[in-house]
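Worksheet for the structure shown next.
Read-outs throughout are calculated quantities, based only on the coordinates presented, and are distinct from any laboratory measurement. Nothing here was measured: the structure is a model prediction, and the numbers come from that model. Cβ placement follows ideal geometry from the backbone for every residue including glycine, while neighbour counts extend to all protein chains displayed.
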Amino acid sequence: MSYQFPIRLIAGSLAVLAVCASYGAEQRYSPQELEAAKAKLRAHNRLWSFQAGAIFGQEWMSRAPEDAELRALYARQLHGQLYGYREIQEQADAILEREPDNPWGLYAQALAFLADRRHSKAAESSLRAWRLLPQPEFAATHLLALRPKNVEEGVAFLDSLDAETLQHPEVLHARAEFEYWAQYSLEEPAYADTSLATLATLRARWPDHVSGYLRAAEYLYRANKPQEALPLIEEAIRLSPGSTEVRDWHWHILNKTDLLPADERRPAIEASIAEYRKAAPETVRGLALLTTTYRSVLEDEEKAAEFEAKLMALAPASRHASWIYQEKFQRETQRLQPELDRIKREHGEDSQEYQDQLRLVRDAAYRFLDKPLYDDSFRGQAYIDLFYALSAMNPIPAEELADAVRGLVRYERLNPHITYSTAPISMADHTPYAEEAAELARGGIQAMIDKAEERRWEEDSLNYYLSLVHDAIGWASYKAGRVEEGRNELEQALELSDSNTSALYHLGQVFEHMATEAEAALQERDSKTIVLRTEDEAQDAVEAVRNWLDKAEESYIAGLEARSWGENSCQEALEALYERRHGSREGLDEYLAAFSERDRSRRRERILESRLDTARTYEPFFLAKLDGEQVDSADLEGKIAILHFWGTWCGPCVIELPEYQKFHARYLDDPAVEVISISNDKSRDVLDRFMVENEYDFTVLVDDGYVQKAGVNGFPTTWFVDGDGYIQFVQMGGSSDSHLEEEFAWIVEALRGADGSR
C-alpha cells in the first residue's frame, strides 16, 4: 500500500551561533525595548518569516540572553527554519539549567522534541509548560505534538480550553493541523472540511496571519484543488514575500499542477524566485531551498551548484546541508536503478555489466556516508541501498556485507523488517558471522514492540513483524550450528504468522537437514557393519528419514500456497525435494499442478470471503476523463462498477497496472460491467504521458478532490460496487503476482450471480 504526500522541497536556515553574552552582562535595553523585541519575534511567527526572525532573535540573544521568554521565542524561529534537535535544545538547556521548571524552557524543549519527531516527549513538555503557565503558544505546541498519534487526547485537550485561547491565531493554526491529520487517524474524511473551516475562521479573525492562507493552500493542493490553492498562496506571498515556507509551496504548486501551460511554468517560478531573493536575507535555509528548486524543479544544475557551494561554505555539517547530500544521493541511485533493472533483465545478475552497475550503487552509498552528516538519522536509507547492492554481488563481499548489516542495526529505524529480518538472514547466509546475525536479529523483538506502540499497530500486525524477526533468529541460529534452537524459533515464527513464506522455507530446510543427518547415521551404521538389533529398529530409522522429508514437503507446500511479496523460495525447494525423493524430475509438472489448482481454489475462497459484512454506499462523483468527457456516477446505476484508485507516483499501483489493463480489456464489451480508474495525480500532463508511454487505454478519471472526500487514503484501492450502488468488496494494496485479473474477475462474477443476474 502506498500513501501519497507531496514531495516537500528541502529548505534551510541560517546557522545557529553560540550565545555571546553571559547571564551576568549589564542590560543594554529598556523593558519597553525588550517587550517590543518579543512582539517582533511573534510577528515573524505570524508572517512565517523565520529567516529574518532568526537573525533578529540572534541579535537580541546577545543583548538579553538571560530572558527565558525571549530565548524560547528565538527557539521558535529556529524550529520554523527546520533546524534540528541540537540547536533548539541548546536554547532549552540554557533556560532549564537555571530553572528546571521554567515554562518557557519546557516550551523550547517541546519544540526540540518536535524537530526530532519525538512527539510523545514533546507532548509531555508542552503540557507541563501549559499547566505552569497557560500561554497560547504552549497549547498550540501541545496540539501539534498530539497530532500524529493521540487524537482522542487532543480532542479532550481542545474541549478543556477556554474560548479566548481557542480563538488565538497560534491555537487556531494548530487546531487546523490537528483536524487535518485526524482524518487519517480516525479514518474520517469529514475532518478535512473541518480543518479548512478552522483555517477560514483564522483568516476571518486574523487576516494578516499567514497560516490561514498557507495551510489552506497546502491542504487544498493535497486534495487536488490547485485552482483554489493558488489564490491563497498568492495572498500569503503578498503578506510575507520573504517567507521561505510560502515560496516553497508556491513553486511546488506551480510546478506540479496544470494551472499554467508547461512552457509558462519555469518563467513563473523564476520570477517568483527573483522576488523572493529581493525580500529575504540569504541564509542556510534559503540557500538549501534554492539549491533544491533549481535542481529538482527547474533542472538547472549550474544554478543549483552555485547555491549549493554557498551553502556548503557556510554550514557543511548543518541539517540543511545533509538534506542536500541526501537528495543528491537519492537522485544518483534513482538514476542508476533503471539501468540496473535493464541490465538484470537483458544480461542476468551474473553478468559483468550488472556487477559493475552494482558497484556504482555501492560507491555512491560510501560517498554519502563519508559526508559530514548532521546526525545519524540520515544514514539509515544509505545503509539499505548499500546492503542490497552488496547482497546482489557475485561473489558477495562478506566483510562489507557484515558491516552494512551492522550499520543498518545501528542507524536504520524506518524499515525494521529489513533491519531485523532480511539483513540478518543475508548475513547468516553469506558471512561467517551467523552467531552475531542471530543476536542482531534478537534485538528486533523489542524494536518491533516499540514500533507497534509508536504506530499503534493491531495485534495481527505486530505478530506478523515479530514472525519475521523470529524467522531471522531461527535461521541464523541454525546456520550457526544450533539446529534445535533454530527449529524452535522458526516454529515460533509460524505460530505468530502461519503465512510467513520465508519461515516456511527455512523450516523446510531444517527438516531436510534432519533427514540428511538421519540418513548419515544409517550410512555410518552400514559402513561400520553395525547390525541393528531388530528389523523393526531398521524400519524405524528409515521411517524417521521419510518423516523429516514429509515435514519438509509440507512446509514448502504451505509456503507455496501462502500469498507473498517478492521471491518465494519454496517452489524451487519443493522441486529439488521431489527430485531428491524420486531420483529424477519425471512427473514433476503433474505433481505441481495439483498444488496450483488447490492454491487457486483457496485464493478464490479467500477472496469471496472478504465481502464486506455491511455493504455501504459511496460519495457520488462527476469527474472528467483525460479527453475531457464527464462521467457521472449516477450513470453507473444498474451496472457492476469497479472503481480503482491509483496514481503514477505510487510504486505498487504502477507494478500491477499491466494486470489491471488485462482486467479492463476482459470486460470492455460487457454492458453490465463498468471498469473505471480514478487517478489523483496533480498534473494531467504527467498522466497523459504515462498512459501513452505504457500503451494503456483503460478509462481514467482525473481527481478534483474526490479521492480525499471519499476517504481513500491508501493506494491502490479498488471498490467493487453492485448494481444498486453498494460497495460489496474492497481490495487494498498492490499485487506483485499475476493474479489480479483472475481475482478481480471472481468478484465481478460473484456480484453478477451464477445465473447471470445481478
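Can you tell me the equivalent ellipsoid semi-axes for the range 622-752? Use √(5λ) from the Cα gyration tensor, largest first, whole Å.
On the way: eigenvalues 83, 61, 42 Å².
Equivalent ellipsoid semi-axes, largest first: 20, 18, 14 Å.
For the range 415-497, what relative contact order do you get, as a whole percent, if you take Cα pairs closer than 8 Å and at least 6 residues apart? Intermediate values should be presented prior to the final figure.
On the way: 119 pairs, mean separation 27.7, N = 83.
Reported relative contact order: 33 percent.
Considering just Cα atoms, how many Å³ per residue does the convex hull of the range 325-394 enclose?
Working: hull volume 4.7 nm³, N = 70.
Spelled out: Cα convex hull of the range 325-394, divided by residues, is 67 Å³.
Counting only C-alpha contacts under 8 Å and six or more residues apart, can you give the relative contact order of the chain as a whole percent?
Working: 1148 pairs, mean separation 74.7, N = 758.
So the answer I get is 10 percent.
Mind checking which lysines have their Cα closer than 27 Å to the Cα of Lys639? Skip sequence neighbours fewer than 8 apart in that chain.
Qualifying lysines at Cα under 27 Å: Lys625, Lys662, Lys709.
Using alpha-carbon positions, what is the distance between the centroids of the range 276-310 and the range 433-457, in Å?
Result: 41 Å between the Cα centres.
Residue by residue, what Karplus-based ³J(HN,Hα) values in Hz, rounded to whole numbers, does the range 40-50 have, using 6.51, -1.76 and 1.60 with θ = phi - 60° and x for Gly and Pro?
For the range 40-50, the Karplus curve yields 5, 5, 5, 5, 5, 4, 4, 8, 6, 9, 5 Hz.
State the answer as a single residue: which of Ser679, Gln731, Tyr191 lies farthest towards the positive end of the charge dipole of the chain, with beta carbon charges of +1 for Lys and Arg and -1 for Asp and Glu, about the Cα centre.
Going by the charge dipole, the pick is Tyr191.
What number comes out for the charge environment of Arg319, summing +1 per Lys or Arg and -1 per Asp or Glu over other residues with Cβ under 12 Å away? Before the final figure, lay out the partial values.
Working: positive: Arg86, Arg285; negative: Glu87, Asp116, Asp375.
Computed value for this residue: -1.
Compute the long axis of helix 262-279 from its Cα atoms, compare it with the longest principal axis of the Cα atoms of the chain, and write down the angle in degrees, 0 to 90, nearest 10.
50
What is the packing order of peptides 176-182, 303-309, taking the mean over residues of other C-beta atoms within 10 Å and listing the highest first?
By packing density, highest mean first, the sequence is 176-182, 303-309.
With the cut-off at 1.5 for a/c, could you classify the range 696-751 from its C-alpha gyration tensor as rounded, prolate or oblate?
Working: a/c = 1.63, a/b = 1.23, b/c = 1.33.
Oblate shape, in that a/c is at least 1.5 and b/c is the bigger or equal ratio.
Check Ile678: other-chain or 5+ apart residues with amide H under 5 Å from its amide H, H built from backbone geometry?
Hits under the 5 Å cutoff: His644, Phe645, Trp646, Leu701.
Rounded to the nearest 10 degrees, what's the angle between the helix 398-411 long axis and the longest principal axis of the chain, both from Cα atoms, 0 to 90?
Helix 398-411 sits roughly 50 degrees off the main axis of the chain.
Using only alpha-carbon positions, what ratio does the radius of gyration of the range 415-497 give when scaled by 2.2 N^0.38 Å? It would help to have the intermediate numbers written out before the result.
Working: Rg = 12.1 Å, N = 83, 2.2 N^0.38 = 11.8 Å.
Ratio of Rg to 2.2 N^0.38 Å for the range 415-497: 1.02.
Quick one: what are the phi-derived ³J(HN,Hα) couplings along the range 67-81, Karplus 6.51/-1.76/1.60 with θ = phi - 60°, whole Hz, x for glycine and proline?
Using θ = phi - 60°, the values come out as 7, 5, 5, 4, 5, 5, 5, 5, 4, 5, 5, 5, 5, x, 8 Hz.
Could you give each residue of the range 577-582 its phi-based ³J(HN,Hα) in whole Hz, using Karplus coefficients 6.51, -1.76, 1.60 with θ = phi - 60°, and x for Gly or Pro?
Running phi through 6.51 cos²θ - 1.76 cosθ + 1.60 with θ = phi - 60° gives 5, 4, 5, 4, 7, 10 Hz.
Over the range 325-394, what is the relative contact order in percent, taking alpha-carbon pairs closer than 8 angstrom and at least six residues apart? Don't skip to the end; give the middle numbers.
Values: 49 pairs, mean separation 24.9, N = 70.
Computed value for the range 325-394: 36 percent relative contact order.
Sorted by mean Cβ packing within 10 Å, highest first, what order do the peptides 663-675, 483-495, 241-253 take?
Details: 663-675: 15.5, 483-495: 19.2, 241-253: 24.2.
Highest mean packing first, the order is 241-253, 483-495, 663-675.
Just in the range 551-606: which GluC sites (Glu not before Pro) are loop by DSSP and have at most 15 other Cβ atoms within 10 Å?
On the way: sites: Glu553, Glu554, Glu561, Glu567, Glu572, Glu575, Glu579, Glu586, Glu590, Glu597, Glu605; in loops: Glu567, Glu586.
Hits after loop and neighbour filter: Glu567, Glu586.
What whole number of Å gives the distance from the Cα centroid of the range 139-213 to the Cα centroid of the range 382-414?
One Cα centre to the other: 43 Å.
Excluding residues fewer than 8 places away in the same chain, name every one of the lysines whose C-alpha is closer than 23 Å to that of Lys328.
Partners within reach: Lys256, Lys303, Lys310, Lys371.
Please give the charge dipole size of the range 600-742, origin at the Cα centre, charges +1 on K and R Cβ atoms and -1 on D and E Cβ atoms. Round to the nearest 20 debye.
On the way: 15 positive and 27 negative charges, 122 e Å.
Dipole size: approximately 580 debye.
Taking Lys479 as the anchor, which lysines have their alpha carbon closer than 22 Å to its alpha carbon, excluding any fewer than eight residues away along the same chain?
Once the sequence-local lysines are set aside, what remains near Lys479 is Lys551.
Restricting things to alpha carbons, find the Rg to Rh ratio for the chain using the Kirkwood radius for Rh. Present the calculation step by step, with values, prior to reporting the outcome.
Working: Rg = 30.2 Å, Rh = 29.8 Å.
We get a ratio of 1.02 for the chain.
Among DSSP beta bridges lying fully in the chain, give the percent that are antiparallel, nearest 5. Before the final figure, lay out the partial values.
On the way: 18 of 28 bridges.
Counting DSSP beta bridges with both partners in the chain, the antiparallel share is about 65 percent.
Which value, in debye to the nearest 20, describes the size of the charge dipole of the chain about its Cα centre when Lys and Arg Cβ atoms bear +1, Asp and Glu Cβ atoms bear -1, and nothing else is charged? Before the final figure, lay out the partial values.
Numbers: 84 positive and 134 negative charges, 650 e Å.
Charge dipole of the chain: 3120 debye, to the nearest 20.
Grab the DSSP H runs of the chain that are 4 residues or longer, score each as -39,500 (n - 2.57), total them, divide by all residues and round the 222 nm result to the nearest 500 deg cm²/dmol. Mind showing how you got there, number by number?
Details: 34 runs with 489 residues, N = 758.
It comes out at -21000 deg cm²/dmol, rounded to the nearest 500.
What is the Cα centroid distance between the range 576-651 and the range 103-129, reported in whole angstrom?
What the calculation gives is 46 Å, centre to centre.
Considering only the other residues whose Cβ falls under 15 Å of the Cβ of Glu693, what net charge follows from Lys and Arg at +1 and Asp and Glu at -1?
-3
What net charge is computed for the residues neighbouring Glu264, neighbours being all others with C-beta under 13 Å from the C-beta of Glu264, Lys and Arg scored +1, Asp and Glu -1? Don't skip to the answer; put the middle values down first.
Details: positive: Arg265, Arg266; negative: Asp258, Asp263, Glu270, Asp685.
Result for the neighbourhood of Glu264: -2.
Pairing the Cα long axis of helix 151-160 with the longest principal axis of the chain, what angle in degrees results, from 0 to 90 and rounded to the nearest 10?
Computed tilt is about 30 degrees.
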